[in-house]
Every structure is written in C-alpha cells, then in structure tokens.
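The values are calculated or read from the model by the stated rules, or taken from the named source; none is laboratory data. Remember, predicted model here, so these are calculated numbers, not experimental data. Methodologically, a virtual Cβ is constructed for each residue, glycine included, from the backbone with ideal geometry; neighbour enumeration extends over all protein chains shown.
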Amino acid sequence: MGLLKRFAYYFGGLVIGTIFLFFILDKKDASCDYSPNARVLKNISTKNQEINPEVLEILALRKIDTAFISNTLQKGDVLFRESNTQLDSCNIYVIQGVDEWKNWKLSIENCKDIARIIDVEQVEK
C-alpha cells in the first residue's frame with residue numbers, strides 16, 4: 001500500500017470519527033471546563049447565589065440590571081491576582097465583566113454551599 005493511500009485512509013477515518021464524536025458529545029451537553037477561570041466560574045454559578053443589599057443599591061443607582069451579574073458569572077474573567085484564595089472558609093474571587101460591562105468588577109465570597117456577591121465596583125480606565 002502506498003504512502004498516499006495510507007494518508008487517505010488515515011484522514012478519512014479521522015474525519016468520520018470527528019463527525020461521529022461531534023454528534024454524540026453534542027447530545028450529551030458535555031463541556032470542557034479545565035482552565036482555572038472556567039472551573040471557578042462554573043463552581044460559583046452552580047451554587048445558590050446571594051446578593052448583598054449594598055450591591056443591589058449600587059446597581060440601581062447606575063441603572064444596571066442583574067443581567068450584568070449573570071453575564072459576568074458566565075463569561076467573566078477571574079482576576080486571580082486580586083482574589084484572596086488562601087482563606088480557610090470562603091475564598092473571595094474578583095471577576096471582571098466582559099463586553100459592555102468590561103469596566104466593572106464583582107467581588108464574590110465563594111463558600112461551600114453559597115456564593116455571595118459582596119461588592120461591585122467600576123474600574124477606572
């Protein structure tokens with residue numbers, strides 16, 4: 001069997017296998033949350049969330065709805081340098097928003113059973 005034929009069989013099988021896996025994994029709703037950022041966001045978003053009243057007041061004054069919080073918890077960037085992850089009970093993560101909210105940060109206290117949004121602040125650019 002020639003080298004060209006071997007490559008054709010190899011790439012043919014690779015394409016068929018990739019398509020097969022694509023359809024199977026699409027039905028299972030599998031996700032690849034292996035980066036530290038994605039793991040923290042997924043961990044926080046799966047817990048019950050509580051918002052401090054001060055945070056709600058700040059959002060109301062700035063006329064920002066709670067979709068900002070949902071978007072930030074799904075797609076935000078965790079700022080590990082500003083976060084305090086060495087605490088015994090609850091770690092505090094600082095998450096920066098994306099898109100139209102990229103100049104806002106959330107501070108979240110991530111405990112075992114609950115995630116508390118304890119602060120929201122605007123970033124000066």
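Tabulated data for the structure shown
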{"item": "In the range 76-125, residue nearest to SER35 (Cα to Cα) [restricted to those that are surrounded by fewer than 16 Cβ atoms within 10 Å (Cβ to Cβ) and of a type in the set (S, T, N, Q)]", "result": "THR85"}
{"item": "Some residue of the range 64-74 being part of a helix (DSSP H, G or I) and of a type in the set (D, E, K, R)", "result": "no"}
{"item": "Criterion violated by LEU41 - all others in (1) without any contact (Cβ under 8 Å) to a residue 24 or more places away in the chain; (2) surrounded by 10 or more Cβ atoms within 10 Å (Cβ to Cβ) satisfied", "result": "(1)"}
{"item": "Qualifying positions in the range 1-38 - closer than 20 Å to CYS111 by Cβ and loosely packed, with under 12 Cβ neighbours inside 10 Å", "result": "PRO36"}
{"item": "Candidate set: the range 63-75, residues that are in contact (Cβ under 8 Å) with a residue 12 or more places away in the chain and of a type outside the set (Val, Ile, Thr); chosen: the one surrounded by the fewest Cβ atoms within 10 Å (Cβ to Cβ)", "result": "GLN74"}
{"item": "Test for SER83: is it modelled with pLDDT of 90 or more, in the same structural domain as ASN37 (by TED's automatic domain parsing) and not aliphatic (A, V, I, L, M)", "result": "yes"}
